[in-house]
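Everything on this sheet refers to the single structure shown next.
Just so it is clear, none of the values below were taken in a lab; they were calculated from the coordinates. If you're wondering where the values come from, they're calculated on a predicted model, not measured in any experiment. Using ideal geometry, Cβ is built from the backbone for each residue, glycine included, and neighbour counts are taken over all protein chains shown.
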Amino acid sequence: MPKIRTTRTKAPPEGYEEIEEILDDYAKKMRDAENESHEGKRKAESLWPIMRISHARSRYIYELYYKREAISRELYDWLLKQGYADANLIAKWKKTGYEKLCCLRCIQTRDMNYQGSTCICRVPKAQAAEAVVPSPSGMPFVRNFPHTIPHFGYIRRSIHEILPIVIPRMFNHPR
């Protein structure tokens with residue numbers, strides 16, 4: 001979360017005004033996600049919208065500086081220092097093989113429920129494409145994935161555990 005600016009803090013560097021509106025939109029989305037009701041959600045599920053917004057904001061700043069070169073080094077450093085982006089995640093994005101990393105939890109094996117599980121962002125697209133196929137109803141269906149399917153980015157449960165949960169949700173039926 002960005003630090004609160006007061007009259008005693010240093011003014012932002014030149015160029016901040018151009019991206020301020022977009023960063024304010026991210027801040028508003030973050031507040032909405034934090035205040036959203038978490039009734040009926042698992043503990044981890046309530047954090048997913050917050051993680052998505054944090055990832056999107058960090059990716060936006062990363063692309064502004066490294067891909068489009070639209071902001072100065074001074075502004076980039078100031079944004080990282082103020083907490084607008086995750087500096088550790090951006091450092092991983094710069095390394096080969098980690099360009100699509102969604103969060104740092106994906107590469108920490110201690111956070112996984114069982115040995116061998118991984119985040120969907122770590123699965124090559126060719127293998128992930130084989131796992132998800134359209135069903136006759138047009139909804140995506142998971143098959144032939146090594147005993148797991150993605151659940152917001154994290155592969156946590158076997159197909160036999162998740163299908164009774166996913167199928168009713170796809171058709172808006174209660175469990």
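How many residues does the stretch 25-53 contain that are under 21 Å from ALA70 (Cβ atoms), in contact (Cβ under 8 Å) with a residue 24 or more places away in the chain and either loosely packed, with under 10 Cβ neighbours inside 10 Å or not hydrophobic (A, V, I, L, M, F, W, C) (or both)?
Selection size over the stretch 25-53: 1.
Is there any pair linking a residue in the stretch 1-24 that is farther than 19 Å from ASP86 by Cβ to one that is outside any loop (DSSP other than H, G, I, E, B) and charged (D, E, K, R), with Cβ under 7 Å and at least six apart or on different chains, and which?
PRO13/GLU74
Which one is nearest to GLU18 (Cα to Cα) among residues in the stretch 63-89 that are crowded, with 18+ Cβ neighbours inside 10 Å and within 16 Å of the chain's Cα centre (by Cα)?
Selected residue: TYR84.
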